[in-house]
Amino acid sequence: MIIVTRPDATEEDIDRIRERVEALGVRTHLSRGAHHCVIGCVGDEEPVAELPLRSMPGVEAVHPVMKPYKLAAREFVAEPTEIPLGDGVVGGSRFTVVAGPCSVEGREMLSATAKAVRDAGAHALRGGAFKPRTSPYSFRGLGMEGLELLAEVRREDGLPVVTEVMDTRQVEVVAEHADLLQIGARNMQNFALLSEVGRVQRPVLLKRGMSATVEDLVLAAEYVMRQGNTHVILCERGIRTFETATRNTMDLGAIPILKRETHLPVLADPSHAGGLRELVAPLGYGAAAAGADGLMVEVHPEPAAALSDGDQSLTFPGFRSFMEGLERFVVAAGRTLRDGVEHAAPPESEKAGAPATTA
Ligand code: PEP
Ligand code: MN
């Protein structure tokens with residue numbers, strides 16, 4: 001259930017509403033908007049439904065939330081969530097680009113990639129130190145050494161770093177070295193891991209499982225949020241379908257649905273979705289047009305020699321031209337690639353996510 005306050009509700013009114021609900025053993029969550037506050041109620045709502053809430057001072061409306069998730073639901077907060085990453089935020093007007101190698105393979109390649117992607121306009125560096133692979137016999141990453149390299153390159157280049165955590169025992173150490181903790185597709189429903197990342201103070205990038213529905217993804221995000229960490233970014237990275245022409249099938253429709261159903265930022269990963277270098281731009285641009293808040297893209301100094309995912313990795317010049325082409329789509333979707341740069345807004349009807357007009 002959510003309680004929406006009136007624009008003239010006082011702090012005392014809000015406190016009194018929350019106390020009344022909490023006295024029934026239900027947790028409340030307060031979200032402040034420009035005109036209204038939203039008080040979300042989590043717990044057994046039956047006794048709360050009996051309260052004469054609508055007649056309490058400061059209450060404008062009371063709505064039931066019929067979804068299986070609450071903390072992640074769009075109705076639950078007054079404004080979409082913005083999540084700090086480095087000097088910027090994910091989910092605001094800036095479109096965020098995370099780029100880097102699939103795996104951290106060594107100091108030189110990581111540092112060269114960080115410079116190349118930063119110079120081309122990326123906002124964060126990705127790189128796997130602990131790698132999940134389709135076959136357990138493939139390269140599994142440099143582990144702790146990879147983490148230290150990421151932290152070292154972050155100190156040098158200033159780009160925040162994103163890396164995957166695969167095991168509950170690694171959460172603390174990965175959180176010490178990285179700015180954003182990636183939960184990979186293969187672990188989206190590893191509830192022990194979700195609960196562990198829910199207890200640290202680092203934002204989480206939650207990738208959609210290859211056979212997970214949109215609702216499964218949001219429920220997994222909800223589970224992280226329930227532990228206290230509400231900084232969750234969702235990532236559409238393609239799902240398994242009967243199609244074999246692409247590595248996965250990029251579910252573009254999931255992007256506007258996730259934006260409508262949740263208040264969390266949504267990134268898309270065209271590298272793992274398509275599995276081929278030439279598909280990164282069309283799928284990435286499509287995701288920007290569909291209203292994504294950003295992209296995660298694999299880039300390698302020498303893709304043919306990469307220890308993982310070389311076929312889908314962009315070269316440095318490839319990434320530069322990818323970024324040049326991206327700007328038009330980002331601007332058309334009403335966003336910007338650089339903080340502080342304003343573009344003329346497109347008409348409301350042409351914005352990503354605007355309802356389609358039928359002739
Ligand atoms: C990755 O980002 O390199 C990765 C392994 O992604 P996913 O979990 O989406 O397969
Ligand atoms: Mn990869």
(message) Taking the Cα of Arg186, stepping 7 Å toward and past its beta carbon, and measuring to each backbone N in the stretch 110-137: which are under 16 Å?
(response) 128-137
(request) For Val59, enumerate residues with amide H under 5 Å from its amide H, sequence gap 5+ or separate chain, H modeled in the peptide plane. (result) Arg6
(request) Above 17 angstrom, tally the Cα pairs of the stretch 60-159 and express them as a % of all pairs, no decimals. (result) 63 percent
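Counting pairs of alpha carbon atoms under 8 Å apart in space and at least six apart in sequence, what relative contact order in percent does the stretch 2-64 give? Working shown, then result.
Numbers: 92 pairs, mean separation 30.0, N = 63.
Relative contact order, the stretch 2-64: 48 percent.
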(request) Of the options Ile83, Pro52, Ala23, report the single residue whose Cα projects farthest towards the positive end of the charge dipole of the stretch 22-85 (beta-carbon charges: Lys, Arg +1; Asp, Glu -1). (result) Ile83
(request) For Arg240 and Asp8, compute 0.36 nm times the residue count separating them, minus their Cα-Cα distance, and round to one decimal in nm. (result) 78.5 nm
(message) Apply the Karplus curve 6.51 cos²θ - 1.76 cosθ + 1.60, θ = phi - 60°, to the phi angles in the stretch 82-89 and return the couplings in whole Hz, x for Gly and Pro.
(response) 10, 10, x, 8, x, 7, x, 10
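Return a whole-number percent for the relative contact order of the stretch 115-274, with Cα pairs under 8 Å and 6 or more residues apart as the contact set. Could the numbers behind the result be given before it?
Numbers: 291 pairs, mean separation 23.8, N = 160.
The normalised contact order for the stretch 115-274 reaches 15 percent.
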(message) Counting only helical runs of four or more DSSP H residues, what would the 222 nm mean residue ellipticity of the chain come to if each run contributes -39,500 (n - 2.57) and the total is spread over all its residues?
(response) -9500 deg cm²/dmol
(request) Two decimals is fine: what is log10 I(q)/I(0) at q = 0.14, 0.15 Å⁻¹ for the chain, from a Debye sum with one equal scatterer on every Cα and no solvent? (result) -1.13, -1.26
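When ranked by the protection proxy of mean other Cβ atoms within 10 Å per residue, highest first, what sequence do the peptides 241-248, 192-199 form?
On the way: 241-248: 12.4, 192-199: 19.4.
Result, highest mean first: 192-199, 241-248.
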(request) Report in % the part of the accessible area of the chain that belongs to carbon and sulfur, leaving out ligands and nucleic acids; probe 1.4 Å. (result) 50 percent
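Please state the shape class of the stretch 231-336: rounded when a/c is under 1.5, otherwise prolate if a/b exceeds b/c and oblate if not, all from the C-alpha gyration tensor. Show your work: numbers first, answer last.
Working: a/c = 1.93, a/b = 1.32, b/c = 1.46.
Oblate, because a/c is 1.5 or more while a/b does not exceed b/c.
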(request) Restricting things to alpha carbons, tell me how big the stretch 8-129 is in terms of Rg and Dmax, in Å. (result) 21.8, 65
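Suppose every Lys and Arg Cβ carries +1 and every Asp and Glu Cβ carries -1, with no other charges. What dipole size does the stretch 36-181 come out with about its Cα centre, to the nearest 20 debye? Mind dumping the intermediate values first?
Values: 15 positive and 22 negative charges, 96 e Å.
So the magnitude is around 460 debye.
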(message) Quick check on the chain: of the DSSP beta bridges with both residues there, what percent are antiparallel, nearest 5%?
(response) 40 percent
(request) Would you mind checking which residues have amide H under 5 Å from Gln182's amide H? H placed 1.01 Å from N; only 5 or more apart, or other chain. (result) Thr163, Glu164, Val165, Leu205
(request) Mind checking the full-extension length gain between Asp44 and Glu176? Use 0.36 nm per residue of separation minus the Cα-Cα distance, one decimal, nm. (result) 43.9 nm
(message) Please compute the Kirkwood hydrodynamic radius over the stretch 2-64, one decimal place, Å, based on all pairs of different Cα atoms.
(response) 11.4 Å
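Charges only on Cβ, +1 for Lys and Arg, -1 for Asp and Glu: so what's the dipole of the stretch 83-350 about the Cα centre, in debye to the nearest 20? Intermediate results must be reported in sequence, preceding the final value.
Values: 27 positive and 35 negative charges, 62 e Å.
The calculated dipole for the stretch 83-350 is roughly 300 debye.
How high is the relative contact order of the chain, given as a whole-number percent (alpha carbon pairs under 8 Å, six or more residues apart)? Don't skip to the answer; put the middle values down first.
Details: 762 pairs, mean separation 52.4, N = 359.
Relative contact order for the chain comes out at 15 percent.
Can you give the accessible area per residue of the chain, in Å², using a 1.4 Å probe? Walk me through the numbers before you get to the answer.
Numbers: 15880 Å² over 359 residues.
That works out to 44 Å² per residue.
The values are calculated or read from the model by the stated rules, or taken from the named source; none is laboratory data. On a predicted model such as this, the values are computed, not experimentally measured, just so you know. Every residue, glycine as well, gets a Cβ built from its backbone with ideal geometry; the counts of neighbours run over all protein chains shown. The protein model used for the area step is the full one, side chains on, heavy atoms only, and it has no ligands, DNA or RNA in it. Shrake-Rupley method; radii C 1.70, N 1.55, O 1.52, S 1.80 Å.
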